[in-house]
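Trainee: Here's a structure for you.
The values are calculated or read from the model by the stated rules, or taken from the named source; none is laboratory data. This one's a predicted model, so the numbers in the text were calculated from it and none came from an experiment. Note that each Cβ is placed from the backbone with ideal geometry, even for glycine, and that neighbours are counted across all protein chains shown. The area values use the complete protein model at the heavy-atom level, side chains included, leaving out ligands, DNA and RNA. Shrake-Rupley method; radii C 1.70, N 1.55, O 1.52, S 1.80 Å.
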Amino acid sequence: MKEKFTLLALTLLPAAAMADATLYGKLAVGIEYGKAAGYSFQTDPKATSDGLFYEQYKAGMLVGDNGSFIGFKGNESLGNGLKAIWQVEQKLRLDGSADGDGAKWATRNSFVGLSGGFGTLRLGNLGTYLKDDMQKVDPWAYGDGVNGLSILSTNWLDDYVRNAIRYDSPELAGFKLTALYGVDEVRHYAAAGTRRTNQNISSLGLGFEHEGFFIDAGYVKFGSADLEPSLESEGMAGSGKKSSHYWRLETGYDNGKLALALAYGQNKIYNPSENLMKKFRDPQERDGVFDPENSLSTTEAAITVAYTFGAFTPRISYARIWGIRDEMPNEEIKKSSIDEKISQYVVGLDYALSKRTLAHVSYGLVTSAMEKASTEQTLGFGLTHSF
């Protein structure tokens, strides 16, 4: 009876009391079949004569989440055109599996802020300009497979920044500017008391849009470890000047029917983790712990074309990674420049069952000229409902 009374009381609340709160989200689940680095069907890595480790991917089927989330947002007018704004957004896993965020809440864009003629200022867990305002070149809904542009930085570098401050300028003649700063709240020091790491994150974004044409540029800089762990006990500290960074440029045209998007970018990541290397789809994994002096740099480009007629939207994408450079402190392999390229092809079709419900099918293929590298391929079917 208590639960029924509570529900009745909520239904009798004045509509005006909840007028500034909105429930929204996306529910997306898909079936995937194939072999990919993101699946757990690999064979055990085997050492080769060159001292590297290689995994051979095996085929299997998954029912996985394709980017589901739920959110709550609202605003309050403060007068003179000024508004208080808020949002809490949470990642979901509709397939019931766990993820790295565990039991945390507000894992996506979540903030409180102010909006007015000066623009928008937000504080909280926030996406960079590349995460929230770009990625038009990768419109695919996919899970752990490669039936989406999984090799691009949109998949393995774009992310949300904790403890962040973000400013968005008002639009002026089609232009907009964004700046974000993530505060380093976990500082590490060497035994001598010298600061060992700098985990501050900064990002800039600039965009222009006019009559369907758009161009966006984003840059992210974030600190990395700059001291070999074995030296910390000796009281030595790193310079603190090595910072990972990446940037991407996207441009194209979208008139509601024809959509064309192109992207080009570069990155240099210090102290890349083993998981980061796997997400990059590099089949070469060296034994042992990655040293802070390591770095990984690549260049990327991609293009996506789509056309909508009626309820159908076929699309095709192509992406390439090249200029792969993996540097390690080991004198024998101090600088390893890999000339081979990694390419990805994706074709698919969306069918709008309604304005809010979408069915889609897509096939992706990742190939590499690297010796002993496994080919990845995924066929996927999914349903997405937005509310």
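Trainee: Tell me, what is the 1.4 Å probe accessible area of Val366, in Å² to the nearest 10?
Mentor: Accessible area of Val366: about 10 Å².
Trainee: Tell me the net charge near Gly218. Cut-off is 9 Å between Cβ atoms, Gly218 excluded, with +1 for each Lys or Arg and -1 for each Asp or Glu.
Mentor: My count for the surroundings of Gly218 gives -2.
Trainee: I need the peptides 115-123, 76-84 ranked by packing, meaning the mean over residues of other C-beta atoms within 10 angstrom, with the highest value on top. Present the calculation step by step, with values, prior to reporting the outcome.
Mentor: Details: 115-123: 14.8, 76-84: 10.9.
Peptide ranking by packing, descending: 115-123, 76-84.
Trainee: Treat each spin label as a single point 7 Å out from the Cα along the C-beta direction, and report the Ile70 to Ala352 distance in nm.
Mentor: Label-label distance for Ile70 and Ala352, simple model: 2.7 nm.
Trainee: Related question: Going down the list Lys91/Lys136; Lys35/Lys73; Lys176/Lys221; Lys35/Lys257; Lys35/Lys221, which pairs span over 30 Å between their C-alpha atoms?
Mentor: On the way: Lys91/Lys136 21 Å; Lys35/Lys73 39 Å; Lys176/Lys221 20 Å; Lys35/Lys257 33 Å; Lys35/Lys221 33 Å.
Checking Cα-Cα distances, Lys35/Lys73; Lys35/Lys257; Lys35/Lys221 exceed 30 Å.
Trainee: Sticking with this one: In nm, give the distance between the simple-model label positions of Val112 and Ala179, each being 7 Å from the Cα along the Cα-to-Cβ direction.
Mentor: The modelled label-to-label distance comes out at 2.4 nm.
Trainee: How would Ile31, Ile321 line up by accessible area, probe 1.4 Å, largest first? Present the calculation step by step, with values, prior to reporting the outcome.
Mentor: Values: Ile31 80, Ile321 0 Å².
Ranked from most to least accessible, the order is Ile31, Ile321.
Trainee: Here's another thing I want to ask about it. Starting from the 7 Å offset along Cα-to-Cβ, what nm value, one decimal, do you get for the label separation of Thr308 and Asp159?
Mentor: Using points 7 Å along Cα→Cβ, the separation is 3.3 nm.
Trainee: Applying the Karplus parametrisation 6.51 cos²θ - 1.76 cosθ + 1.60 with θ = phi - 60° to the phi angles of the range 316-324, what ³J(HN,Hα) value in whole Hz is obtained for each residue in order, glycine and proline being reported as x?
Mentor: 9, 9, 9, 9, 9, 10, 8, x, 5
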